[in-house]
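Values quoted throughout were computed directly from the atomic coordinates according to the rules given, and no laboratory measurement underlies them. Note that the coordinates shown come from a computational prediction; the quantities given were computed from them, not determined experimentally. Every residue, glycine among them, receives a Cβ derived from its backbone with ideal geometry; neighbour counts consider all protein chains shown.
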Amino acid sequence: MRILIILLGCHIARLLNGRIDAAVELASSYHHQVDWLLSGGIKQANSGANSGASITEAEQMAAQISKKEPAYGTSEWNYILDTKATNTAENFLRLRDMDITVYDEVYIATSEFHYERAAKIASLIIDNDLTKINWILAEQKESDSQYWERIHIRNVEADVRRVLQ
């Protein structure tokens, strides 16, 4: 059995850690191959999760996840790094080019407050069958997360057009 978990990056450390923890919790329950598509570049080098660092969100996620990888059973975790993506639409470009039919189960990990926008963007970018995709939703949010999501969701079509050009 092969599992794919797409973990969407976030430049806010607390939110990113929540996404990682939720995804690792699910992945740890499998004793099969788990491929991780870790998507996130350096969005804001002077703040958030990448404060002053030259490490990408994808590299940071791989380092954190590998520390939590189970040391039992037949689990094998492989990391596919997308170090270029700086927003949700770009996150899904890499997935669009992948053949997800080789996986028995596919999951996208993000935050609950981000789900509606991420799902809308995924439906506009990913050519594959979206019914195969399940969602892992982390609960962490900032006090203004809902506010910003209401603004960002208005720009989904423009964001998608921009990355597809």
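Karplus-derived 3J(HN,Hα) values for the range 133-146, using 6.51 cos²θ - 1.76 cosθ + 1.60 with θ = phi - 60°, are 8, 10, 10, 10, 10, 7, 7, 4, 7, 9, 4, 10, 4, 4 Hz; glycine and proline are entered as x. Our note on the geometry: Cα centres of the range 1-30 and the range 142-160, 21 Å apart.
Fully extending the segment from residue 130 to residue 66, taken as 0.36 nm per residue of separation minus the present Cα-Cα distance, adds 20.2 nm. Per-residue ellipticity at 222 nm computed for the chain from its helices equals -11500 deg cm²/dmol, with DSSP H segments shorter than 4 residues left out and the rest contributing -39,500 (n - 2.57). Sorting 95-106, 76-87 by average packing, meaning the other beta carbons within 10 Å per residue, from highest down gives 76-87, 95-106. For residue 84, the lysines whose Cα comes closer than 20 Å to its Cα, not counting residues fewer than 8 places off in the same chain, are 43. The packing ranking, built from the mean of other Cβ atoms within 10 Å per residue, places the peptides 33-40, 114-121 in the order 33-40, 114-121, highest first.
Using the Kirkwood radius built from alpha carbon pairs, what does the Stokes-Einstein equation give as D for the chain at 10 °C and 1.306 mPa s, in µm² per second? Here the translational diffusion coefficient equals 99 µm²/s.
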